[in-house]
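Below is one structure; the comments refer to it alone.
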Amino acid sequence: MKQTRALLLLCLAFAVAACQAGGFGAAATATPEAPTATATSTVVWFPTAPPAKPTATLRPVPTATPLPPPEPGRLLLEEKFSPPGNWQVFSIKEGTVGYGRDELTFALSSPRANLISFRSKDSFEDIYLEMVVNPTLCQGSDQFGVLFRVQSENTYDRLMLTCAGSARLERFVNGASSLLQDWINSPQLAASPDGVKLGIWAVGKDVRLYLNDTLLFSAVDDRLSSGSLGLYARSMGETALTVNFSELKIYEAFDK
């Protein structure tokens, strides 16, 4: 028994020695490979933004250039609107027309009242009329305006303006009306403390309306060519209306 155990131990010793000699029992140790050279990247601490794409240049949108009236000739009349004057003044149930401080004031107290004041003398032909109109108490479709080429109380050209900001030109011949320019809107008619500067160029058949030195419209009147002046106001609603007319000037004008 002891011989058998000794023989087994001897065989085991030979087997171990054989394995060590052949390397089969040795653990394989991985040898680290040499590092492969790589490109070293540079760290950019403050990166630069890519160039911006070119953008289209924005051009300002052109605006309409105000067209002022042509240069008039000599001054024919400068009206101060101070008594005693050449305008009809009165006080009736519908309202009053009277002189103020260098102005002629229309004050309408009745609803849908209509007042006209005619200038009692002078007749003009081929003129540029300029004046300041200030509706101090006025709403919506309330009207005010100027009568020119007045030949009688029912024959004239009538320029109508509204507090809502529109204008219209009519001709009356013996009370029968003809439309020369239908209603047209204008931002120049917006109420302001100083009123609106009104200009009427009436030369031959040519009639032009200017508001604050800006042309609003041109019209043709082939019936009337001369006459006197009048002023006009009409309340279209149930509220009072007050309009002041001042700084009237009339110049000689030419066909331009």
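Odds and ends about this structure:
- Burial ranking of peptide ranges 71-77, 109-115 (average Cβ count within 10 Å, highest at the top): 109-115, 71-77
- Each of Phe245, Phe124 was scored by other Cβ atoms within 10 Å of its Cβ. Listed from fewest to most, they are Phe124, Phe245.
- Net charge of Cβ neighbours under 12 Å - reference Gln181; Lys, Arg +1; Asp, Glu -1: 0
- Separation between Cα centres of region 145-185 and region 61-135, rounded to whole Å: 14 Å
- Environment charge of Phe172, counting only residues whose C-beta is closer than 9 Å and scoring Lys/Arg +1, Asp/Glu -1: 0
- Full-extension gain in nm, Glu238 to Tyr99, via 0.36 nm per residue minus C-alpha separation: 47.6 nm
- Theoretical gain in end-to-end length, Leu67 to Asp122 [0.36 nm per residue, Cα-Cα removed]: 16.8 nm
- Residue exposure sequence - Phe172, Phe90 - by fewest surrounding Cβ within 10 Å: Phe90, Phe172
- Dipole axis of region 121-235 (+1 Lys, Arg; -1 Asp, Glu on Cβ), positive-most option in Gly175, Leu198, Gly165: Gly175
- Each residue, Ser110 and Leu77, gets one label point 7 Å from its Cα in the Cβ direction; the gap between the two is 2.8 nm.
- Descending Cα extents along the principal axes, region 106-256, whole Å: 40, 32, 27
- Residues Ile92, Ile184 arranged by fewest to most Cβ contacts within 10 Å: Ile92, Ile184
- Radius 15 Å from Cβ of Ser228, net charge of other residues (Lys, Arg +1; Asp, Glu -1): -2
Every number in this text was worked out from the coordinates using simple rules, so none of it is lab data. As the structure is a computational prediction, the values presented were derived from the model and not from experiment. Please note: Cβ atoms are built from the backbone with ideal geometry, for glycine as well, and neighbour counts cover all protein chains shown.
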